[in-house]
Amino acid sequence: MRYKGELDGIVLGVLQAGPAHGYELVKRVKSLSDGVLSVGEAKLYPCLHKLEEQGLVSAEWIPQDGKPARKVYALTAKGSGALSEKRTAWEQFAAGIVAVLGAKESNRG
Amino acid sequence: MVEDYLQKLSETLTAQCGKEKSKTILAEVRDHLDQAIEELVGRGLSRQEAEKTAVSRFGDAAAVCRWYADQHRRPSVWRASRWPLVASAATTVLWHFQNDIFPSYFLAKFGALIVINTMLALTAVLCYRSKRFTAGPITLSALGLFLLLVGSFCLFSVPIFGEYGYGVIARSSVDSEIERARQMLARSERNLQTFGQGQKVFASKTEPKEGVGQFHDSRGYLTPIYFQTLDPRVHVYIDNKEVNGIVPTYKDARDFWIDQPSRVSTATGKSEIFYIAEATDEAADSRRLIRELPNAASLPLATKLPAFAGTAKWEAIFLLGFGLIADVTGGILRMLVETVQRRRNRGPLTS
């Protein structure tokens, strides 16, 4: 068994908490994972654009006072469905890993 | 430093993703870097140090472009180009080998039209889905078709001399084409012989349009024209005089028209007009076909290739034209759909 699309899953998961722009997404990943995970900033944008093309996230340019508009992303209904699937896949994957690691420990013991 | 980085990114992204897409990506990256720099300056770094750190944290510009190339561009390119290539190749094969595949010319023509239109619609949908114009892939498809056709002609066809230079026919059609040339030669010689005897006959499919017309020979020949209306229902007029039975010269025949009932069938050959110059050309062409066609298959490739490439060239240009029309159609379709969507749904933050 193999868990695929980690970055996609992380981005969708983070957007679950609400719409965000790219920089905020990077910060949210760090804070939500207590600093364990960090997203490659350059990789984030191609990933976001791909998810947007697939209809898993929507994007909108929000005007700002005295500054250029900012692109903000939000999870779509299709994206929520994809996130559920990714979560299930991850849980199965994690359960498998835990089972294997646990079995090794019990063998040692 | 940020400007240098964005400039480098812009050059590669524009080449890979197009100007518009590149512009929106750069706006987003600029916003990201601005926020990072603002935060780092807030933590006590100098502006220069903050810029350096933000750029280095974001990653190498070349790597960013590679990510776009891998995740964004290639699938769209191939998704948009493969079907037009397959569909157009199928159409062209149908077209060129129709006599061997289909008993009916009209069936083949109808089938080819369906495939061409399907291709057009399919390309429009694919261009729509790929979210950008795909002139590059379509050009590649046209080039692919050109090479495919030249290859197919080398295997299954021979060059044939025709009215407009060299064309291509299937090898299996050579015998029937020689037979047709023999019949054409016999007819031309018969007509020329009749003319030589001082008689006035002549028929061909170059009949002028019904009604009044200024006479001119499309090839610029100042040859006399000879009329004999074998069908009593057909009347030929030159300078307002009925001319059945006379032999006018070009000078005499500045204006002429043919008056015939609409039911006269040109298939009988009786009501057609034939120019002597064409009889001579037709006889010469027929002799050349009869002489060349039996050995056409064994001609050296260097002789055959220009004829094959000449025919394939027009097919490729045809595909390119169709593809570009579909490309523009797809682009317009997308703009319309996006405009409607924007009006209906103004986005998650404002809804």
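If we keep just the residues of segment B:298-321 that are touching a helix residue (DSSP H, G or I) at 6+ places or on another chain (Cβ under 6 Å) and at pLDDT below 85, which is farthest from residue B:149 (Cα to Cα)?
So, considering only residues that are touching a helix residue (DSSP H, G or I) at 6+ places or on another chain (Cβ under 6 Å) and at pLDDT below 85, the one farthest from residue B:149 (Cα to Cα) is B:320.
Given the criteria at pLDDT below 85, out of contact with any His (no Cβ under 9 Å at 6 or more places or on another chain) and either crowded, with 19+ Cβ neighbours inside 10 Å or within 14 Å of chain B (Cβ to nearest Cβ) (or both), does residue A:43 qualify? Outline the logic, then answer.
Numbers: at pLDDT below 85: yes; out of contact with any His (no Cβ under 9 Å at 6 or more places or on another chain): yes; either crowded, with 19+ Cβ neighbours inside 10 Å or within 14 Å of chain B (Cβ to nearest Cβ) (or both): yes.
In short, yes.
Can you find even one residue in segment B:47-61 that is facing chain A (nearest Cβ under 9 Å), on the phi < 0 side of the Ramachandran plot, assigned to a helix (DSSP H, G or I) and out of contact with any His (no Cβ under 9 Å at 6 or more places or on another chain)?
Yes - at least one qualifying residue is present in segment B:47-61.
Say we look at segment B:120-149 and pick out the residues that are surrounded by fewer than 18 Cβ atoms within 10 Å (Cβ to Cβ) and more than 30 Å from residue B:24 (Cβ to Cβ); which of these is modelled with the highest pLDDT?
Ranking the candidates gives B:147 first.
If you scan segment B:16-62, which residues turn out to be loosely packed, with under 13 Cβ neighbours inside 10 Å, without any contact (Cβ under 8 Å) to a residue 40 or more places away in the chain and farther than 22 Å from residue A:61 by Cβ?
B:42, B:43, B:44, B:46, B:47, B:56, listed by residue number.
What is the residue count in segment A:46-72 for residues that are surrounded by 13 or more Cβ atoms within 10 Å (Cβ to Cβ) and more than 9 Å from every other protein chain (Cβ to nearest Cβ)?
5
Looking only at segment B:1-15, how many residues end up being surrounded by 15 or more Cβ atoms within 10 Å (Cβ to Cβ) and assigned to a helix (DSSP H, G or I)?
Of the residues in that region, 9 qualify.
The values are calculated or read from the model by the stated rules, or taken from the named source; none is laboratory data. Fair warning: this is a prediction, and the values are worked out from it, not measured in the lab. Note that we place each Cβ from the backbone using ideal geometry, even for glycine, and neighbour counts take in every protein chain shown.
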